[in-house]
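Okay, so here's the structure we're looking at.
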Amino acid sequence: MTVELPLDGYTCAQIVDPERRRWLSVTGAVGAAAAAATALPFVSSFAPSERAKAAGSSVEVDIADLAPGAMKVVEWRGKPVWIMRRTPEQLAELETISGLADPASNRSDQPEYARNTQRSIKPEILVAVGICTHLGCSPVSVAKGSANPSVPPDWSGGFFCPCHGSTFDLAGRVFLNKPAPTNLEIPPHFYLADSKLLVGEDQPTQA
């Protein structure tokens, strides 16, 4: 709000001569331009960096050299993604495991094409985000017959979270009475070829 005070019959606005008024206008315009120039780098700092863009992109993975029972880890969106080639024995045991909190993955995060016992497109290949669904710790692989006291004697292989004790089978399904509320996340993925995966996208629909 502007308040004009009388001064010897004139208002303050009236006693500012035209020349001074012109300089005030110029100064104001220069100040506004400087403020805008300063704001541009600030605003542009909110734009995602090239690294951030790359972190959100899909990841192509060659699994031709992945031996039965072996696992490789890739990074997608800053998360570790496990890619494991399960053996025929391991696949057979998935069908017999009991004591799971969500055996059919009805309340866990996976694409529809991975809503099966193996939680995968190809039965032998597990693709899962290696982050515990409890508090975001990273579980470790524990082989069948391990002497690890944190898994039961009849342990058939899977994953153990050392932070709070959650255990998962080789399909990433969590066992009952564990802190993790759901099975491990299965990310979107599809096969570009028999031995090449793309993690981060679903299979494109045919037109």
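The values are calculated or read from the model by the stated rules, or taken from the named source; none is laboratory data. On a predicted model such as this, the values are computed, not experimentally measured, just so you know. Counting neighbours? That spans all protein chains shown, and the Cβs are built from the backbone with ideal geometry, glycine included.
Among the residues of segment 74-92, the ones that are touching a Leu at 6+ places or on another chain (Cβ under 8 Å) and not polar (S, T, N, Q) come to 5 in all. Please verify whether segment 130-138 includes one or more residues that are without any contact (Cβ under 8 Å) to a residue 24 or more places away in the chain and in the same structural domain as PRO179 (by TED's automatic domain parsing). Within segment 130-138 (the criterion being without any contact (Cβ under 8 Å) to a residue 24 or more places away in the chain and in the same structural domain as PRO179 (by TED's automatic domain parsing)), the answer is yes, since at least one residue qualifies. Does SER146 meet the test of being farther than 21 Å from ASP194 by Cα and out of contact with any strand residue (DSSP E or B) (no Cβ under 6 Å at 6 or more places or on another chain)? Answer is yes for this residue. Taking segment 156-199 as the range and being basic (Lys, Arg) and within 19 Å of GLN110 (Cα to Cα) as the test, only ARG173 passes. If you check HIS189, HIS164 for being of a type outside the set (A, V, I, L, M, F, W, C) and touching a His at 6+ places or on another chain (Cβ under 7 Å), only one passes: HIS164. In segment 159-176, the residues that are over 15 Å from THR96 (Cα atoms) reach residues that are charged (D, E, K, R) and not in a loop (DSSP other than H, G, I, E, B) with C-beta atoms within less than 9 angstrom, at least six apart or across chains, in these pairs: PHE159/ASP169. Looking only at segment 65-104, residues that are farther than 18 Å from ALA180 by Cβ and among the hydroxyl-bearing types (Ser, Thr, Tyr) come to 2 in all.
Does ARG77 meet the test of being touching a residue at least 24 places away in the same chain (Cβ under 8 Å), surrounded by fewer than 18 Cβ atoms within 10 Å (Cβ to Cβ), farther than 22 Å from SER58 by Cα and under 23 Å from the mean Cα position of the chain (by Cα)? Answer is no for this residue. All of (1) under 16 Å from VAL61 (Cβ atoms); (2) in contact with a Gly (Cβ under 9 Å, 6 or more places away or on another chain) hold for GLN110 with one exception: (1).
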